[in-house]
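> Let me give you the structure first, and then I'll get to my questions.
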Amino acid sequence: MQDDRPVVGVIDYRTGNSQSVVHALNFLGVPNRLLTSPAQLDGIDRIILPGVGSAGTTMTYLSEAGWPEALHARVIEGRTPFLGICVGLQVLFESSEEQDATCLGWLPGTVRAFNGADVRVPQMGWNQVHRTSTHPFLAGLPEAGHFYFVNSYYADPADAGDVAATTEYGLPFTSAVARGNIMATQFHTEKSGPLGLDLLERFAKTPQEELCPA
Amino acid sequence: MPGLNVATGLTTRLIACFDIIDGRVTKARRFEDNIDVGDAAEVAASVYADGIDEIIFYDILASAQRRQADLSTIRKVAETVFVPLTVGGGVRSLEDMHAVLAAGAEKISLDSMAVRNPSIITEGSAEFGRQCIVQSMQVKRVPVTGEIPSGYEVFIDGARQATGMDAIVWARRGEELGAGEICVNSIDQDGTHEGYDLEITRQIAEAVNLPVIASGGAGSAEHAAAAFTEAGASAAIVSSLLYSPRMERTVPVGEIKAELAKRYGLPVRLV
């Protein structure tokens, strides 16, 4: 029997929590592979960039392995569906206040620190996500569902059209972005219980023409 | 005091904390006399289905036996339970941290090891980010002295060894060193079901700007509510309440949350 289900590649760099994403994809019955180098992108239909830790360290590890160029070719030029998680969302922007990192720059905007607001940092726990866009990735998201967040920094997109969902933590911030084939969540979809699994499943299994509007 | 959950949008968090021996969950009283509760993967699956917000594993014999944490148990749980997992016990180096994260954990809990070698907090924080490092501390009420002005002293090695260090001083030091969260385990209240030590939890929550976890003593939803509203905790460990064989009646997570929401108006995540 021919298996035409999309194969999801999970980028594995030194400090990411790629294994947690793999556990979730296995649980959902999604064919997947851990990718430790861009040479392993052959046969991969969708890409997830998980993340924990800091933007600067993440960019260093990604650059050492040659990921920025390879991902640009596959995601920006090739329009492969892409999902960034947590720091995997933050590095899509031009720069981050964290370690003054220069990031991938796929989306205009910067990443800022939660400071000034009278809140404990890092934000750690379950917070409500409010959908603000009609992008198909988040269709079916319940209003004000809870997802698991762990972050000291948040993205501040320059193009309001990229904002897919918002959340409050001392101030309203962007908790998901979506532009065509590029999707990302600040919260950990792989650790957000059944609601998070639903989103991962949606990313992994929805037909591409339905998931990624031109 | 920042961090009242109501103001931030975050829900209150209920955490199950497993003392693991040979792949099984056990329950202690005042850090002693562990009795068997059940297979770790089964207990985890059950509390996950009921809506637990997070799970912490303490491999309580790993340090004494000078071995790594029980990775196969962590992996087994991480394959079917999709809420954050924290692992403590047997973590002595960055390589140990890599191994437990690779098994599917997101956070590392450092306790006695951090007292012996505080720089491990800084190293872990630099490598994985502050959010990955939980500073866990065993605290005990003692007479107020010049050395211990808060009246709470830090103990290590399963509450057996006094350190001479004030709990507040150690919490502030941990925040400076790079911890992302502080778990305050009361030795006096552990396993008693009589309520958390609100006094030291509140003192630490006021002393640092990190999320603080109240631990030790939960016997009712009312106790958890007090940890959030009176002590400023961001999360509460409710292990005994969920499954201690010493409790007359255990309570499912969903029931505790419903009471937190209904009786105390606290934000909770329902599944």
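> Could you tell me whether the stretch A:99-214 comes out rounded, prolate or oblate from its Cα gyration tensor? Rule is a ≥ b ≥ c as square roots of the eigenvalues, rounded for a/c under 1.5, then prolate if a/b exceeds b/c, otherwise oblate. Could you put the intermediate results ahead of the total?
Working: a/c = 1.93, a/b = 1.30, b/c = 1.49.
It is oblate, given that a/c is not under 1.5 and a/b is not larger than b/c.
> Just check the stretch B:7-57 against the gyration tensor rule for me: Cα atoms, a ≥ b ≥ c as the square roots of the eigenvalues, rounded for a/c under 1.5, and otherwise prolate or oblate depending on whether a/b exceeds b/c. Present the calculation step by step, with values, prior to reporting the outcome.
Working: a/c = 3.37, a/b = 1.70, b/c = 1.98.
Note, shape of the stretch B:7-57 comes out oblate.
> How much of the DSSP bridge set in the stretch B:88-172 is antiparallel, in percent, rounded to the nearest 5? Numbers along the way, then the final one.
Values: 7 of 11 bridges.
If I count the DSSP bridges inside the stretch B:88-172, around 65 percent turn out antiparallel.
> Once the Cβ-Cβ distance between A:VAL7 and B:GLU32 is put in as r, and R0 is 41 Å, what FRET efficiency do you end up with, to the nearest 0.05?
Values: r = 51 Å, r/R0 = 1.24.
Efficiency computed from Cβ-Cβ geometry: 0.20.
> Looking at the square roots a ≥ b ≥ c of the eigenvalues of the Cα gyration tensor of chain B, which shape do they give, rounded for a/c under 1.5, prolate if a/b is larger than b/c, or oblate?
Rounded shape, in that the Cα axes give a/c under 1.5.
> Describe numerically, in nm with one decimal, the distance between label points set 7 Å from Cα along Cα→Cβ at A:GLN40 and at A:LEU28.
So the label points at A:GLN40 and A:LEU28 sit 1.9 nm apart.
> Separate question: Can you pull the percent of Cα pairs in the protein assembly as shown with separation above 37 Å?
Details: 26682 of 117370 pairs.
In whole percent, the share of Cα-Cα pairs in the protein assembly as shown beyond 37 Å is 23.
> Could you name the lysines in cross-link range of B:LYS76, using Cα to Cα under 29 Å and dropping any fewer than eight places away on the same chain?
A:LYS191, A:LYS205, B:LYS27, B:LYS107, B:LYS257
> Something else: Quickly rank B:149-155, A:37-43 as a protection proxy: mean count of other C-beta atoms within 10 Å, highest first. If you can, show how the numbers build up before the last one.
Details: B:149-155: 20.7, A:37-43: 13.0.
Descending packing order for the listed peptides: B:149-155, A:37-43.
> Roughly what would the spin-label model give for B:GLU230 and B:MET247, points 7 Å off Cα along C-beta, in nm?
Simple spin-label model gives 1.9 nm for this pair.
> Tell me the Kirkwood radius of chain A: reciprocal of the mean inverse pair distance over distinct alpha-carbon atoms, in Å. Intermediate results must be reported in sequence, preceding the final value.
Working: mean 1/r = 0.0590 Å⁻¹.
The answer is 17.0 Å.
> Continuing with the same structure: Only bridges with both residues in the stretch A:8-211 count here: give the DSSP antiparallel percent, nearest 5.
Working: 26 of 42 bridges.
Looking only at bridges with both residues in the stretch A:8-211, the antiparallel portion is about 60 percent.
> Work out, step by step, the length gained on full extension between B:LYS262 and B:ASP157: first 0.36 nm times the residue separation, then minus their alpha carbon distance; give nm to one decimal. Don't jump to the answer; show the numbers that get you there.
On the way: separation 105, 0.36 × 105 = 37.80 nm, distance 3.95 nm.
Value of the extension gain: 33.9 nm.
> OK, next. Considering every residue in B:103-115, what mean count of other chain Cβ atoms within 10 Å of its Cβ is obtained?
On the way: counts 3, 9, 3, 8, 4, 0, 0, 0, 0, 0, 0, 0, 0.
Across the residues of B:103-115, the mean count of other-chain Cβ atoms within 10 Å is 2.
> Let me ask another. What net charge do the residues around B:ARG141 carry, taking every other residue with its C-beta under 10 Å from that of B:ARG141, with Lys and Arg at +1 and Asp and Glu at -1? Don't skip to the end; give the middle numbers.
Values: positive: B:LYS140; negative: B:GLU153, B:ASP188, B:ASP197, B:GLU199.
Neighbour charge sum, excluding B:ARG141 itself: -3.
> Moving to a separate point now. What nm value, rounded to one decimal, do you get for the distance between A:SER63 and B:LEU94 when each label is placed 7 Å out toward the C-beta?
1.8 nm
> Output the peptides B:48-58, B:113-123 sorted from most to least packed, where packing is the average of other Cβ atoms within 10 Å over each peptide's residues.
Details: B:48-58: 22.7, B:113-123: 18.0.
Ranked from most to least packed, the peptides come out as B:48-58, B:113-123.
> Can you work out the FRET efficiency for the pair A:HIS130 and B:VAL271, with r the C-beta to C-beta distance and R0 = 25 Å, to the nearest 0.05?
Working: r = 19 Å, r/R0 = 0.77.
Here the calculated transfer efficiency is 0.85.
> Tell me, what is the FRET efficiency for B:ALA102 and A:LEU171 to the nearest 0.05, using R0 = 41 angstrom and their Cβ-Cβ distance as r? Don't skip to the end; give the middle numbers.
Numbers: r = 35 Å, r/R0 = 0.85.
Between B:ALA102 and A:LEU171 the formula returns 0.75.
> Could I ask something else about it? Given a cut-off of under 8 Å on Cα pairs at least six residues apart, what relative contact order in percent is computed for the stretch A:8-211? Before the final figure, lay out the partial values.
Working: 443 pairs, mean separation 39.5, N = 204.
Value for the stretch A:8-211: 19 percent.
> Across the Cα atoms of the stretch B:1-102, what radius of gyration and what greatest pairwise Cα-Cα distance (Dmax) are found, in Å?
14.8, 44
> Only Lys, Arg, Asp and Glu count, each charged at its Cβ (+1, +1, -1, -1), so figure out the dipole size of the stretch A:18-98 about its Cα centre, rounded to 20 debye.
On the way: 4 positive and 8 negative charges, 71 e Å.
Once rounded to the nearest 20, the dipole reads 340 debye.
Bear in mind these aren't lab numbers, they're just calculated from the coordinates by the rules spelled out. All figures in this text were calculated on a predicted structure; none of them were measured in a lab. Note: ideal-geometry Cβ built from the backbone for every residue, glycine included; neighbour counts use all protein chains shown.
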